[in-house]
Amino acid sequence: MEAILMPAAVAGVVFVVFMLLFQKFSSSTEDIRKQKAIKQIYTTQVADSNANNYETQSIIKQGQLYSGSNPFLIIPGVRSTCELIIKAGLWQKRVIFFLVVATIFTLISIGLKSWGIFGMIIAAGISYYVPRFILKKKIYSRTKQFLDAFPDAIDVISRSVKSGHPLNTAIKMIVDNIDGPLGEEFKQVVDETAYGRTLTEALKRMAERVDEPDVNFFVVVLSIQQETGGSLTEILGNLSGIIRKRKMLRAKIHALTSEGRMTAWILGGIPILEFLLLWVMAPDYVAPLFNSTSGNFVLGGAAFLVFLAVWIVNMMVDIEV
């Protein structure tokens, strides 16, 4: 019992200390003063029941992550993981994310305690890469939903501007009428412009969060139009058509590469299925893989080769548009 409680206690203490220091260094005194001032100004000027949501949802608070006062960004993997959390739209749930990571590390460390340092390395690798893999899947799904609705949002802006509405009002219409990731991202833009950022800066930050060429096109078009002038309605109409054509091209490529993706699933699934069947039908046959050092190396090598095959096939069918 003590062998289980000791690693769990150590992991829990490390997690608590990490989160306390992370919260402390993620906000400087100047940032805290700005947040209080913003909240006071907004509460005074807007009598809305959702006033408090603007502080928690604003990307300004997320921007504190990239301030120079955060020493944890020096740790390898921390900056990229936090960026993935922001892109996945889960920044408000970051504490739960780190708690899950600490729990995964603790459980795997306890399960592989007989492997010594090798087990700790495996636990660290799994607790680092598996959550990042899940975050990337979440980002992919969220980005897909965003891009599916993005051409319609551009059409809404184009029609609103054509009917005489200012650009900021047109963007606010998207927030009021479109749900999902696209509405959330444009709500961040509206919040930032309300707090004093220029529209161009807010849109550039949205492009960094979404990180898609279509969004970068949109930001560049609006930035150039605001600096040089021109028919915004015509420009947005052309951009909407281009984005729709790119969407059709992505769908066509997805259909043409379906055979390759299925090949990756088969290459990765058949060895695992055969191993599980042997484990159930003839456990003594696979027991040496777990009971000897050479068996452990064979099992690890086989797992690596399966992973390598799946990775190579996925790289072959991953075509950028």
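The values are calculated or read from the model by the stated rules, or taken from the named source; none is laboratory data. Since we're looking at a predicted model, the values are computed, not measured. No Cβ is skipped: glycine too gets one built from the backbone with ideal geometry, and neighbour counts run over all protein chains shown.
Brief remarks follow.
- The criterion of at least 1 residues that are out of contact with any Cys (no Cβ under 6 Å at 6 or more places or on another chain) and aromatic (Phe, Trp, Tyr) is met, among helices (runs of 4 or more DSSP H) falling completely within the stretch 152-215, by 180-194.
- Filter result for Phe105 (of a type outside the set (Gly, Ala, Ser), under 20 Å from the mean Cα position of the chain (by Cα) and buried (at least 16 other Cβ atoms within 10 Å of the Cβ)): no
- Against the list (1) farther than 30 Å from Phe217 by Cα; (2) free of Cβ contacts under 8 Å to residues at least 12 places away in the same chain; (3) under 33 Å from the mean Cα position of the chain (by Cα), the condition Val313 fails is (2).
- So Ala264, is it small (Gly, Ala, Ser), within 26 Å of the chain's Cα centre (by Cα) and not assigned by TED's automatic domain parsing to the domain that holds Phe217: yes
- Cβ-Cβ under 8 Å pairs, at least 6 apart or on other chains, the stretch 271-299 side within 23 Å of Ala309 (Cα to Cα) and assigned by TED's automatic domain parsing to the domain that holds Ala309, far side part of a helix (DSSP H, G or I) and among the hydroxyl-bearing types (Ser, Thr, Tyr): Leu278/Tyr285
- Qualifying residue in the stretch 222-232 (condition: crowded, with 18+ Cβ neighbours inside 10 Å and farther than 30 Å from Val101 by Cα): yes
- Residue within the stretch 135-148 that is of a type in the set (A, V, I, L, M, F, W, C), under 30 Å from Leu232 (Cα atoms) and at pLDDT 85 or above present: yes
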